[in-house]
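> Below is one structure. I have some questions about it.
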Ligand SMILES: [Zn+2]
C-alpha cells in the first residue's frame, strides 16, 4: 500500500446564493493578497529609508515575508480594514496570504538561484476581473455532501455538475482522506478540486499482461498525438478541427466588435469557454492514452522533449501546446514508476507508479528520429518536413515518427537488463548517442540476470526469481 496524492475536479452549478458566496470568498482571498502585498511593499520601502539613515540589524522594520508573519499582521488589522471579514470563512483570507507567501518565496528563490527555470518576478496586485478567482479550504467542515453536492463553510451546499461517485466511494470506505479543497473560476465557470490522499495498492512489478506487452516506444508527434513503436498512431482529439473552426469564427467576431461594448464582453466570455472546453477534452483523451500504455506494457519509453523551448519556436508552438505534450509526460510520470534524482542524498531513488510499469525517459540528445531503426545508419540532414525515413544503407522505408518510436523502444531493449528497479545503471546510460545495434552498450548488470536481448517481453520479476 502506498499513499498517493490525487486531485478530483468537478464543475459546479451554483444557484444565485451560492454564486454570491463563491464570489464573496474569491473577493476576500484577493483582498487579503492585495493587502498583504501593499504591506510588504510599504515595509520594504521603510526599510530602505532606514538603511539610508545607517540603521541596521534589529532596528530595521521587519517585513512580513512568510505565511505565519503575514497571518499575524492580518489578524491585528482585520477588524479595522475589513470589518466585514466575518461574512467570509477565515480560510479565504488565509488562502490569499498563502498565495502571496508562495509568490514571495518563488521570487526570492528565483533571484538567489535556488529555483530553476524562468525568472520569477515580484508578486503583482490582483486586479479585479483580471486575476483568476480562486480560494481554498484546508480546515473546517468541507467536502462532498451526498453524490451531487459539496459543502463549503460559510457558503453552504453547492450543486455539482456531475456525480462524484468515484470520490465519495473512496472516502466512504476509508481508502481516501480529504486534505483540502480549492475553488476556482475558469471561463466563467466555477470548479472545486479536492486534494485527496488515496491508499493505493501499488504492484511490485509488472503484471502478466504488462510483461506480454513488453517495451513500447512513444514518439510524441505534432501530426498525431503519439506514434507507438508497434506502428499504432494515436490520433489527435477528433473534436479539435471542429472546435478550431468555431474558435476562429468567435475570435474573428471578437476582433471586429466594438471595444467596451457588451457584445465584446459576451464574445470574450464565449472564447474563454471554448478554450476551456477544448482543454478539458484534450486532458480526457490524454488520460485514456496514458492509462492504456501504463497498464499494458512493462516499460514505456518517451523522449525528453524540451516543451517550453518548442513552444517558443513559433511554427511548432501551436501544435505542441494543443497536443499537450507536457501533460502527456506528466501523466505517464505518475502512472509509471521511474528513477528520480534525490537532490538531498544526490542518489537515484525509485518512485513507483500506479500500475507497476516503468517509465524510461530517453536523453534529449538521443537521435531517435535521425537513426534508421533497421540498421542504425544515421541521417544527419533529416528535417522536420521529412515525413518518411528512407535508409540508403538497408533500404528501409518507414514513417518518420514510427521509426523514432521503434528507436526509443530499442533503447531500452538494449539497455534494460533484468529488474528495472535494480538495474539502475541502465537508466543513467542513456546520454550516449544510439550505437549501432551490433555493438553492445556496457551497462551495469545485476548478477544472475538475463543478458541483453533476452529480456524483451519477459517479466523482470520472473527473471529475478
Ligand atoms: Zn537502415
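> What nm distance separates the two modelled labels at residue 75 and residue 179, each placed 7 Å from Cα along Cα→Cβ?
2.5
> From the square roots a ≥ b ≥ c of the eigenvalues of the alpha-carbon gyration tensor of region 1-201, which class results: rounded (a/c under 1.5), prolate (a/b over b/c), or oblate?
It is prolate, given that a/c is not under 1.5 and a/b is the larger ratio.
> Now for a separate question. Remind me, what semi-axes does region 95-253 give for its equivalent ellipsoid, largest first in whole Å, using sqrt of 5 times each Cα gyration tensor eigenvalue?
33, 28, 23
> Right, something else. Would region 75-138 count as rounded, prolate or oblate if I go by the C-alpha gyration tensor, calling it rounded below 1.5 in a/c and otherwise prolate when a/b exceeds b/c, oblate otherwise?
Cα axes put region 75-138 in the prolate bin.
> May I ask you to derive the FRET efficiency for residue 273 and residue 38 from their Cβ-Cβ distance with R0 = 30 Å, giving the value to the nearest 0.05?
Computed FRET efficiency for residue 273 and residue 38 comes out at 0.35.
> Please report 244, 91 as a ranked list, fewest other C-beta atoms within 10 angstrom at the top and most at the bottom.
On the way: 244 14, 91 24.
Ascending Cβ contact count within 10 Å gives the list 244, 91.
> Sorted from fewest to most neighbouring beta carbons within 10 Å, what does the list 302, 202, 81 look like?
So the ranking, lowest neighbour count to highest, is 81, 202, 302.
> Measure off 7 Å from each Cα along the Cα-to-Cβ vector at residue 50 and residue 232, then give the distance between these two points in nanometres to one decimal.
The two pseudo-label positions are separated by 6.5 nm.
> Expressed in nm to one decimal, what extension gain is obtained for the pair residue 65 and residue 295 from 0.36 nm per residue of sequence separation less their Cα-Cα distance?
78.3 nm
> Rounded, prolate or oblate, given the Cα gyration tensor of region 177-311, with a/c below 1.5 counting as rounded?
Oblate, because a/c is 1.5 or more while a/b does not exceed b/c.
> Can you compute the FRET efficiency between residue 125 and residue 58 using 1/(1 + (r/R0)^6), with r the Cβ-Cβ distance and R0 = 30 Å? Round to the nearest 0.05.
0.50
> With the crude spin-label approximation of a point 7 Å out along Cα→Cβ, what separation in nm comes out for residue 118 versus residue 385?
3.0
> Per 10 Å bin, what percent of the C-alpha pairs of region 1-100 does each bin hold, from zero upward?
14, 32, 26, 18, 8, 3, 0
> Between residue 244 and residue 187, what is the FRET efficiency for a Förster distance of 22 Å, r being their Cβ-Cβ separation, to the nearest 0.05? Please report the intermediate quantities before stating the final value.
Numbers: r = 17 Å, r/R0 = 0.76.
About 0.85, to the nearest 0.05.
A short reminder: the numbers here are calculations on the coordinates, not readings from a lab. Everything quoted here is computed from the prediction, not taken from an experiment. Ideal geometry is used to build each Cβ from the backbone, glycine not excepted, and the neighbour counts take in all protein chains shown.
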